[in-house]
Structures are given as structure tokens and as C-alpha cells.
Amino acid sequence: MVIAIDFDGTIVEHKYPEIGKELPFATDTIKMLIADRHQVILWSVREGKLLQDAVDWCKNRGIEFYAVNKDYPEEDIENNDHFSRKLNADLFIDDRNIGGLPDWGVIYRMVKENRSYMDILKERLGESGDSQKKKHWWNR
């Protein structure tokens, strides 16, 4: 799976342009995703030196991304007439998600077990995820 991960507010506390403190278990979880053979892309609004600072920060903690702000390592964004900042990823992990950023343990379970955030919340609340779902007008 191709997973794009934001930096500020997702891997570290949001202190842009500085680098904030690491969010609990962020780098450990990213290393586990890479070990599970996912292609992990750093996907950030940072550019130039600020982006390199983020890449170096991650590298110093043992994280080597598949690519940085592009779909694949060899992509030449400067000579590509069709380049788009929108990545072709299967999953985006970002603090700006609707509902916010789950903790990194939950994120890992969602990816590893192919489960939704709702499934894990129901489990935590002791509800069965197998119960009859409410029928919507389009399923009648």
C-alpha cells in the first residue's frame, strides 16, 4: 500500500516553520509500516530547506521514505508538464482529517488489520461491529 504522511501536526507537534516535538509513537509506527513493506511517502507543504530539515529529522530517527512530495523517487517534478502536488496514494495520514488525527497505535491497527476508525471505536466502546446497520434510502 502507498501511504502518504504529513509532517507538521502529524509526525511532530505543529510548530511550523520550526520542528515540534515528536507525537507519541509516530516514528516507531512509521518504521513498522515501512517494515510491513508499505511505500511510505512524506507529504508536506514544506519546501526547500524546511523540507530538507524535516527529511533529515526523520532520517536521524531511522525513517527512510520511499519518496518525498512525489509519487516515486525518480519522478522529475521540475521537467514534468503533468506534475501535480496531489499524490497517487492509497491512504493519507494527516492531522487535518475530518475528525482529527487518531493516535498512532490506532492508525497502525487500521492499516495492519484493514479496519476503519469506526470499527476500532466500536470495539473500544464494547459494541459489536456485526450488528445490523441502519438501512439507508439508497439500499432499500
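The values are calculated or read from the model by the stated rules, or taken from the named source; none is laboratory data. From a predicted model like this one, the values you see are computed outputs, not experimental measurements. For neighbour counting, all protein chains shown are included, and Cβ atoms are generated from backbone atoms with ideal geometry for every residue, glycine included. Calculation scope for accessible area: heavy atoms of the full protein, side chains included, ligands and nucleic acids excluded. Shrake-Rupley method; radii C 1.70, N 1.55, O 1.52, S 1.80 Å.
Descriptive notes on the structure:
- Cross-chain or 6+ apart pairs with Cβ under 8 Å, segment 91-107 first and over 10 Å from Thr10 (Cα atoms), then in a helix (DSSP H, G or I): Leu91/Val111; Gly99/Tyr117; Gly105/Thr29; Val106/Tyr117; Val106/Ile120; Ile107/Thr29
- Condition check for Asp53: open to solvent by 30 Å² or more (accessible area, probe 1.4 Å), over 14 Å from Ile3 (Cβ atoms) and at pLDDT below 95: no
- For segment 12-23, filtering for residues that are farther than 13 Å from Ser44 by Cβ and open to solvent by 90 Å² or more (accessible area, probe 1.4 Å) leaves 3.
- Any hit, segment 29-40, residues being open to solvent by 30 Å² or more (accessible area, probe 1.4 Å), without any contact (Cβ under 8 Å) to a residue 12 or more places away in the chain and over 13 Å from the mean Cα position of the chain (by Cα): yes
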